[in-house]
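Engineer: Starting off with a structure, shown below.
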Amino acid sequence: MFHIKTLELVHWDFWRRFTLPLDAQIITIVGPNGSGKTTLLDALRTLFALRCSGKRDFRRYVRRADRSFAWIRAVVANQPGHTGKRPFFPCLADEVTLACRIRKAGGDWIRDYTIVDGNQPIEALEATNDWTGLRDYQHRLAWGGLTPAITKVLALEQGDTDKLCEYSPKALLELVFDVFGDKEVLDNYQAAREEQKSAERELGELGIDLDRLKTQAEEKKAEANRFLEWKQLADEIHALEAGIVPRLEIAELERALAAERETLFRVGHERADKLVEQRESRQRLEIVRAEQESVQAERKRLKEDDRASEQRYLAAHDRVRDLERLLEERDMLRAQLASEHGADAVALEKEHEEADAALAALRRKERELVAAFEERSETLRGERNRAGAPGDAEVARFRVRLSAEGIAHRSLAEVVEVTDAAWQAALEAILRPYRHLVLLEREADRHAAWALGERERFRHFIVAERESAPPPRPMSLAEVVEFGAPVPRWLADLLNRIRRVDDAEAARDLPREQEWITRDGYHRERRGARHLGRPQEFHFGELARQARIAALQDEIGGVDKQLQALRPRLDAASARLTTLRQRLLGLQSAQLLAARAEAYASAEAELPAARKALTEAIAERSDTRGEIDRLAEKANGIQIELDRRTRELKAIDLRLADIAREHGPRRRAQAERILALRRRRRG
């Protein structure tokens, strides 16, 4: 361990430059607080590369000097120890200079250290370039005897010396040994013990390594076995890839080719058959259309004949009426002549009022019947020119609003066609709650349609979700219905769920959960059985339209009969009123008879021929109208047949389009299979 002889400070704190001798065995530094005791100790700590006391550091002291540099220099002994080595070897002089130069570089304070032989002044040290880094300097100090234990003691804070009393005896002993340089013996002993323990640990680790090597040997053996297994499996895979799998692929391709060839053959035959059916269907459709055109032309001719016969009938009727009136006038004049002189004036006036009231009532009745006749005739013309269900004012208004909003739609009656008239009533009873259901063409319009329905308080369903109806079940109600467009799935399911039976007795053997309905509309469901009522007016299909037309024709005939029965009564009441009015005016019956005797005689002679002409005109008109009705029924039958033929042709066209759409890709796929089979066979 070296000892310090002198200490020199330059620009350290407020000290410009002074030298302090430290060559005594014991040195005591005393002074009041703030006199510089800690400053001196921090200079020694900085020289020995130790941390200053408290929160201070060397920068604080050199800043106070207000200079750009500071020096700390000490001269220490470099005498050989008991081992013959000098503390600061390779310095061989008995004295060595330790120096710390502090200077400002780049805005910060840095320290440079050096150890040189002899007692070198600061002026000589300024010329040297032999400066050492902090770690090398600390290492050389430790080699010279500044052990970690001594640095601990030197680094103690003020007032912390009494903390040495808190050390354990062993720690104090080690500290003393360390300070006096005898720590090496203890270190050697400790190193020997550590070597013994490490040897024991090494033996244990060798045993563990031996066990690990045995385990690794077993693992390698297992890996070798797995490699053999892998090799066997790899050979099997190679065999599969090289022979078995290609053969299986070829076999699969050949089987797929055969199956697809058979399917293509069937599709080709079906296409040829459908082409023949399409050609025949078109020919039949042309025949039906030609027949329809012929019937329409005949109806047109008969209507012209009907108008001519109606004119002849009206002319004959008017002539007979005029003649009969003339003769009735003659008879009334004769009767008036007989009773002219004894008539009561008051009774005659009362009779005139009653006759006037009766004539007004009959004319009012005639106007009502004429208005009803015209209304039903207009309705009949509309029904003949229009397909679909009878109109409803609320539904018609709402559909107009939908069309104004640009929402494409259809009613349920426009897409439903009944193929069996015997089940029309039962189907109408089931679909009665949905007869005014509105089907949207585009599902994207549903929210706009629902909003409009909410504003208009529309009480019927508006449906956007539609799909093609599935094939009908045998004997179900759906079997007698054809849909001309996609419909809601629930509607098709409802009709498919209901079975057709002749009567309730025929449903005895059906399952308990089976729904059924009779022709008369007696319906059984999960809640029980009840009669749904036979509708008075049909809504669905061409049969319903023909039934409405027939009902309107019957109503028109009834109104016409009422008019024919009313007009003679009206003529009689008018003539009676005229007679009474003439009597009230005091006309002379004899003079009138005499003045018109020739006209009365001519009318009496002409009346039989006029009645015969009227009878012939009535017969001709009846025959013409009967022929028109017969042609109307025939035209309706032709229209039904035309619709059926059109649907058949449309179905054939759709099937041919499906075959054309699917046939090309299937043939290309078959060609790719053939090419793949050839490639694999070559392989």
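The values are calculated or read from the model by the stated rules, or taken from the named source; none is laboratory data. Note that the structure is predicted; figures quoted are calculated from it, not measured. FYI the Cβ positions are ideal-geometry reconstructions off the backbone, even for glycines, and counts take in every protein chain you see.
Engineer: Report yes if Val415 is at pLDDT below 85 and more than 15 Å from Gly521 (Cα to Cα), otherwise no.
Structural biologist: Here the answer is yes, as Val415 does meet what is asked.
Engineer: Any idea how many residues of the stretch 36-53 are in a loop (DSSP other than H, G, I, E, B), among the hydrophobic types (A, V, I, L, M, F, W, C) and without any contact (Cβ under 8 Å) to a residue 60 or more places away in the chain?
Structural biologist: The qualifying residues number 1.
Engineer: Here's a follow-up. Please enumerate the residues belonging to the stretch 1-35 that are assigned to a strand (DSSP E or B) and of a type in the set (Phe, Trp, Tyr).
Structural biologist: Those that are assigned to a strand (DSSP E or B) and of a type in the set (Phe, Trp, Tyr): Trp12, Trp15, Phe18.
For (1) over 18 Å from Val76 (Cβ atoms); (2) at pLDDT below 80; (3) surrounded by 13 or more Cβ atoms within 10 Å (Cβ to Cβ); (4) in contact with a Phe, Trp or Tyr (Cβ under 6 Å, 6 or more places away or on another chain), each residue gets a yes or a no:
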site	(1), (2), (3), (4)
Leu7	no, no, yes, no
Gln25	no, yes, no, no
Thr28	yes, no, no, no
Pro32	yes, no, no, no
Asp42	yes, no, yes, no
Arg51	yes, no, yes, no
Lys55	yes, yes, no, no
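Engineer: Just to be sure before I move on: is Glu627 assigned to a helix (DSSP H, G or I) and either modelled with pLDDT of 85 or more or more than 34 Å from the chain's Cα centre (by Cα) (or both) in the structure I sent?
Structural biologist: yes
Engineer: For the stretch 126-147, indicate whether the set of residues that are among the charged types (D, E, K, R), at pLDDT 80 or above and surrounded by 14 or more Cβ atoms within 10 Å (Cβ to Cβ) is non-empty.
Structural biologist: Yes - at least one qualifying residue is present in the stretch 126-147.
Engineer: State all residues of the stretch 496-519 that are part of a loop (DSSP other than H, G, I, E, B) and of a type outside the set (S, T, N, Q); if no residue qualifies, say none.
Structural biologist: Selection gives Val501, Asp502, Asp503, Arg508, Asp509, Leu510, Pro511, Arg512, Glu513, Arg519.
Engineer: Of all residues in the stretch 453-496, how many are at positive phi and of a type in the set (A, V, I, L, M)?
Structural biologist: Number of matching residues: 1.
Engineer: Scan the stretch 76-94 and report the pairs whose first residue is within 19 Å of Gln25 (Cα to Cα) and whose second residue is of a type in the set (Val, Ile, Thr), with Cβ atoms within less than 6 Å and a gap of 6+ or a chain change.
Structural biologist: Cβ pairs passing all conditions: Val76/Ile4; Val76/Val96; Asn78/Val96.
Engineer: Sticking with this one: Can you name every residue in the stretch 71-94 that is assigned to a strand (DSSP E or B) and either aliphatic (A, V, I, L, M) or not assigned by TED's automatic domain parsing to the domain that holds Asp13 (or both)?
Structural biologist: Of everything in the stretch 71-94, those that are assigned to a strand (DSSP E or B) and either aliphatic (A, V, I, L, M) or not assigned by TED's automatic domain parsing to the domain that holds Asp13 (or both) turn out to be Ile72, Ala74, Val75, Val76, Ala77.
Engineer: Given the criteria exposed (fewer than 13 other Cβ atoms within 10 Å of the Cβ), of a type outside the set (A, V, I, L, M, F, W, C), in a helix (DSSP H, G or I) and under 42 Å from the mean Cα position of the chain (by Cα), does Glu262 qualify?
Structural biologist: Taking the combined requirement at face value, the residue satisfies it.
Engineer: Then there's this: For Leu649, are the conditions met, namely being under 60 Å from the mean Cα position of the chain (by Cα) and at negative phi?
Structural biologist: yes
Engineer: Restricting the search to the stretch 66-89, which residues are surrounded by fewer than 14 Cβ atoms within 10 Å (Cβ to Cβ) and among the basic types (Lys, Arg)?
Structural biologist: Lys85
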